1. Taking the range 45-57 on its own, how many of its residues are of a type in the set (S, T, N, Q) and either in contact with a Leu (Cβ under 6 Å, 6 or more places away or on another chain) or not in a strand (DSSP E or B) (or both)?
2. Any idea how many residues of the range 262-274 are of a type outside the set (V, I, T), in contact with a helix residue (DSSP H, G or I) (Cβ under 7 Å, 6 or more places away or on another chain) and under 22 Å from L243 (Cα atoms)?
3. Would you please list the contacts, defined by Cβ atoms under 7 Å and residues six or more apart or on different chains, that run from a residue in the range 39-53 that is more than 17 Å from P151 (Cβ to Cβ) to a residue that is open to solvent by 60 Å² or more (accessible area, probe 1.4 Å)?
4. Filter the strands (runs of 3 or more DSSP E) completely within the range 58-166 down to those with at least 1 residues that are under 12 Å from the mean Cα position of the chain (by Cα) and within 23 Å of S40 (Cα to Cα).
5. Give the residue, chosen from T61, T71, that is of a type in the set (V, I, T), at pLDDT 85 or above and out of contact with any helix residue (DSSP H, G or I) (no Cβ under 9 Å at 6 or more places or on another chain).
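The values are calculated or read from the model by the stated rules, or taken from the named source; none is laboratory data. These figures come from a predicted structure and were not determined experimentally. Cβ placement follows ideal geometry from the backbone for every residue including glycine, while neighbour counts extend to all protein chains displayed. SASA here: full protein model, heavy atoms, side chains in, ligands and nucleic acids out. Shrake-Rupley method; radii C 1.70, N 1.55, O 1.52, S 1.80 Å.
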Amino acid sequence: MAGNLISCRVRDRALELTVVDFKPSETLPELDELKAFLASDFGRQLPGFAVLETDAKWGETVLAIVGKDATGGLIAVFPSVSRQERDYHDVITEAMLASGWLEENHDEAGRRYAGASVDRPLKMLLVAPSVVTPSRALIRALERAGVALMPYAVFDIEMSGGVLRAVSFKGGSAPAAAPAAAAPVAASTAAPTPVAPALPVADVPPPTPVVVPVPEAPPPPPPPPPPQESRKPSAVESFISTLPDPNIRAMSEQIMTFLVSRFPNAEGTVNGDKGFTLSVGKEHLATIRLDRTSLWLEVGPEKIPTNKIKDPATLERAMNLPSVLEALHSVHAS
């Protein structure tokens, strides 16, 4: 959606209006630009947010931004400049590793982030370009990993001195105002003229910039989608639903969500009552073996094994072991 921003200022007790055009940008910012913007201006979106550390090394993962909210709770921010869902799976893995590190290194985190409430649950935000329809698998994977998705849009604002690019967290609408809620992430070589500079005048405080939306005819409502037949559960899903032990059943569902979110084209076969196998094309992805009280995995083409696992927390750590992640990275779709 394109439109106009109208802002005002007071000079010599006379009201001046400045009109600028904006439109959705065809390009996204560089990752370093987005990180720098979030590190300096994210507090405008999350009141009370304060940056504690950038490029923070937590065990085997590096977090772009670690901060705290108004209550003192820790927040990990994962910036992204990709619209591809497959690029978010690494974020899910990093989020799981970060949660595990914080749980196992509680005292170190308390010393490292003095003044923050490390006893509160870690909040994690994936700041990513607007995705129109995130898949159900991605939504479930993000929820399981405890990651909230915060979409943003980028707009080009025509200024008298050139084009200014601005970020909006309004899910694709126009920037709320300039420059307050649409902070620049990059500009043309010519210095742009400020839209609403603060010009103090005696007894007359500078007014707040306002937005005048451009009237547009509402688009016709889309036709209702055709009715869809409900998808039948796969053989592996049906097998998992019949497992008598609720703990084994829950862990099997956890494995399916973890693997299918990373490999949507994976296909499964049931190995009698002993477990099931997932493959991507002709490549072995994972075999899950079951007994009465535990399960274990064999991952990747080389079938890297894990120890026996008896609870979901241990399973989550096992799925994020470097050996397991390396084995998964070696699987390629045929």
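1. Selection size over the range 45-57: 1.
2. 2
3. A39/T54; P47/A70; G48/A70
4. Filter on the range 58-166 gives 74-79, 123-129, 147-159.
5. Every option except T71 fails the conditions.
Yes/no per residue for (1) surrounded by fewer than 16 Cβ atoms within 10 Å (Cβ to Cβ); (2) touching a helix residue (DSSP H, G or I) at 6+ places or on another chain (Cβ under 7 Å):
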| site | (1), (2) |
| --- | --- |
| D245 | yes, no |
| I248 | no, no |
| F276 | no, yes |
| T287 | no, no |
| L295 | no, yes |
| E316 | no, yes |
